[in-house]
1. Look at residue 107 and say whether it is within 30 Å of residue 226 (Cβ to Cβ), part of a loop (DSSP other than H, G, I, E, B) and open to solvent by 40 Å² or more (accessible area, probe 1.4 Å).
2. Residue 183 is checked against (1) open to solvent by 10 Å² or more (accessible area, probe 1.4 Å); (2) at pLDDT 95 or above and fails just one. What number does that condition carry?
3. Within segment 152-173, is even one residue within 16 Å of the ligand (Cβ to nearest atom) and of a type in the set (Lys, Arg)?
4. Look at residue 326 and say whether it is away from the ligand (no atom under 15 Å from the Cβ), modelled with pLDDT under 95 and farther than 20 Å from residue 174 by Cβ.
5. Restricting attention to segment 273-294, which residues are over 22 Å from residue 199 (Cβ atoms) and either open to solvent by 10 Å² or more (accessible area, probe 1.4 Å) or hydroxyl-bearing (Ser, Thr, Tyr) (or both)?
6. Which of the residues that make up segment 235-263 are outside any helix (DSSP H, G or I) and surrounded by fewer than 22 Cβ atoms within 10 Å (Cβ to Cβ)?
7. In the set 91, 100, which member is open to solvent by 40 Å² or more (accessible area, probe 1.4 Å), away from the ligand (no atom under 16 Å from the Cβ), among the small types (Gly, Ala, Ser) and modelled with pLDDT under 95?
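The values are calculated or read from the model by the stated rules, or taken from the named source; none is laboratory data. What you are looking at is a predicted structure, and each value in this text was computed from that prediction instead of being measured. Here Cβ is always computed from backbone atoms with ideal geometry, including for glycine, and neighbour counts include all displayed protein chains. Just so you know, the surface numbers come from the protein's heavy atoms only, side chains and all, with ligands and any DNA or RNA stripped out. Shrake-Rupley method; radii C 1.70, N 1.55, O 1.52, S 1.80 Å.
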Amino acid sequence: MAGRDPEWPSDGGAERRSVSRRRFVGFALLAGLVPGGAAAAEWLRGHRGGPHAPLASGRPADTTRPAGTARPADTAQASGAGQPAGTVHQAKAQAAEARAPALPLAGKVVVIDPGHNPNNPQHVAEIDSLVQAGGFLKACDTVGAETDAGYPEFDFTLDVARQARAILRAAGAKVILTQNGRTVYGPCVDVRAAIGNRAHADAALSIHADGGPPDGYGFAMLVPVLIQNGVTDNSAIIEPSSRLADAFLTHFAAVTGQNRSTYLGVNGIQPRSDLGGLNLSTVPKVFIECANMRNAQDAVKVTSPAWRQLAARGIAESISAFLTAA
Ligand code: ZN
């Protein structure tokens, strides 16, 4: 089916040729700012802008100052009141120190892989070169899918990835993008996996939007299948990747209101043995197909800046839930 393989379309069609437990207070805040289901429902009613606007750029200030939450930092600052200036400064410094470790994702490394690359169409020969994908060779990368009106998947993945990065960073995570639209092409699928491996990521996510059958819609999580051969051994990531995918089924769905795919996998999960990005990963990793760009209803979503904000929040909340689970 056209576009079902985010790395390499099987039939040469649209897909070219071509992610409480430790009740992390800070992030609960983040989530609290936008009640997921309600936000999604608003969007679905055609509501645009307004309440969602501040959510896309979650800043540390937003997450460290929850309304009505008294933290040690706040207490320290308060006790400084009325004391000599030096003491006040000292108290403020201590307060700042106390705040940093409180970020819910401090110490966590997340690799986000925006599928494809805006420069791929200009480098067809390079992305068609064959690379190792876990015991077999496949194309370095593909151009990706697009809506019937021509909105490209690589614009969608990059926008959502950048917004998700901002939210996760605000929650304290170190976030690495495999590409930021500035690389000449790709990177190739083997390199995309290697970036997560080298970073010893606690979680890795490849973001895509499918180019499936027009009557199919919804999101799906592509999860690794056990691959053990002379080239790779992903046995250590099967179980945690499955938990990562489950977090998306709960949180991505709640924030975006997106249905589970009607055509990919079963109940939103599709095990895949043909994706180098999963076969070669040594860290917990999943792919998300956020929507079907060839479906009219999903096309409206992916082309909506408001929905892309929700998608980014859904991704960030899913990854955070996975990373903070006991
Ligand atoms: Zn894709």
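1. Yes; evaluated as a whole, the condition is true for this residue.
2. For residue 183, the failing item is (2).
3. There is no residue in segment 152-173 that is within 16 Å of the ligand (Cβ to nearest atom) and of a type in the set (Lys, Arg).
4. Considered against the rule, which asks whether it is away from the ligand (no atom under 15 Å from the Cβ), modelled with pLDDT under 95 and farther than 20 Å from residue 174 by Cβ, residue 326 comes out as yes.
5. 273, 274, 294
6. 257, 259, 260, 262, 263
7. 100
Every residue, every condition in (1) in contact with an Asp or Glu (Cβ under 8 Å, 6 or more places away or on another chain); (2) surrounded by fewer than 23 Cβ atoms within 10 Å (Cβ to Cβ); (3) over 21 Å from residue 309 (Cβ atoms); (4) not assigned by TED's automatic domain parsing to the domain that holds residue 278, yes or no:
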{"position": "116", "(1), (2), (3), (4)": "yes, no, no, no"}
{"position": "121", "(1), (2), (3), (4)": "no, yes, yes, no"}
{"position": "130", "(1), (2), (3), (4)": "no, yes, yes, no"}
{"position": "137", "(1), (2), (3), (4)": "no, yes, yes, no"}
{"position": "147", "(1), (2), (3), (4)": "no, no, no, no"}
{"position": "165", "(1), (2), (3), (4)": "no, yes, no, no"}
